[in-house]
Amino acid sequence: MEIFDRKKHWENIYETKQLNEVSWFQPTPETSLNFFKEYKIPITAKIIDVGGGDSFLVDFLIDLGYQNITVLDISEAALNRAKKRLGNKANQVKWIVADVTTFEPAEKYDFWHDRAAFHFLTNEDEVKHYVETVGNSIAKNGMLVIGTFSEQGPKKCSGIDIKQYSANTLIKLFSSEFEKLNCFTVEHQTPFNTIQQFVFCSFKKS
């Protein structure tokens with residue numbers, strides 16, 4: 001049986017599909033942006049967008065004046081697409097090509113954002129490593145925002161299995177290091193006019 005090559009899989013996705021040909025495409029990432037507004041995240045905050053790919057979140061954050069943005073993705077092709085789109089603005093961003101399951105941050109972040117990367121980790125050891133990395137890498141009073149497919153969401157995405165979560169399972173996973181602020185579900189409309197249900201939770205480092 002062939003061992004699944006996660007990086008190869010995602011490079012292929014971003015090399016063969018256009019921006020609006022993937023289910024997670026959002027012209028305006030309203031849910032994510034609302035967290036920055038609601039919690040009044042200062043423009044000097046150290047922000048990391050995990051699994052950011054070629055998402056438009058970074059564009060909006062730059063336009064809002066955020067000065068310390070990192071985007072991490074396993075796919076170099078995805079990040080290259082984002083850089084090309086941003087042009088000279090790309091120089092304002094730190095770009096990291098890495099698998100989050102082996103990522104060892106060199107700095108502490110004030111705001112860790114992950115929309116739809118975490119639910120691709122189906123191995124218990126990878127989930128554990130992710131939770132530990134988040135706990136070690138977020139500054140005191142820093143924030144974690146995580147969005148995953150809910151228990152009513154898809155069971156697969158981009159041809160591979162995902163792990164569904166409820167608000168309670170997310171809270172339980174991160175409760176040792178974080179205080180839950182808010183959890184809610186969101187109906188995401190894909191470019192194919194289908195609906196995917198996400199659960200979003202925000203946490204504060206305790």
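The values are calculated or read from the model by the stated rules, or taken from the named source; none is laboratory data. Here the structure is a predicted model, which is why all the values come from computation and not from measurement. Positions of Cβ are backbone-derived with ideal geometry, glycine not excepted, and every protein chain shown enters the neighbour counts.
Looking only at region 140-161, decide whether some residue is among the basic types (Lys, Arg), touching a residue at least 40 places away in the same chain (Cβ under 8 Å) and farther than 19 Å from Gln26 by Cβ. Within region 140-161, one or more residues are among the basic types (Lys, Arg), touching a residue at least 40 places away in the same chain (Cβ under 8 Å) and farther than 19 Å from Gln26 by Cβ. Residues being part of a strand (DSSP E or B), of a type outside the set (Asp, Glu), over 20 Å from Gly51 (Cα atoms) and in contact with a strand residue (DSSP E or B) (Cβ under 6 Å, 6 or more places away or on another chain) are entirely absent from region 144-167.
Restricting region 70-94 to residues that are under 13 Å from the mean Cα position of the chain (by Cα), of a type outside the set (D, E, K, R) and outside any loop (DSSP other than H, G, I, E, B), the residue that is surrounded by the fewest Cβ atoms within 10 Å (Cβ to Cβ) is Thr70.
Of everything in region 175-206 that is out of contact with any Gly (no Cβ under 8 Å at 6 or more places or on another chain) and among the aromatic types (Phe, Trp, Tyr), the residue that is modelled with the lowest pLDDT is Phe192.
In region 22-37, the qualifying residues are those that are closer than 16 Å to Trp112 by Cβ and of a type outside the set (Val, Ile, Thr), and the one that is surrounded by the fewest Cβ atoms within 10 Å (Cβ to Cβ) is Leu33. Pairing residues of region 123-139 that are in a helix (DSSP H, G or I) with residues that are β-branched (Val, Ile, Thr), at Cβ distances under 6 Å and at least 6 apart in sequence or on separate chains, gives Glu126/Thr101; His129/Thr101.
For Ile43, the conditions (1) part of a helix (DSSP H, G or I); (2) exposed (fewer than 13 other Cβ atoms within 10 Å of the Cβ) all hold with the exception of (1).
Within region 102-122, the only residue that satisfies the criterion of being in a loop (DSSP other than H, G, I, E, B), of a type in the set (Ser, Thr, Tyr) and in contact (Cβ under 8 Å) with a residue 40 or more places away in the chain is Thr122.
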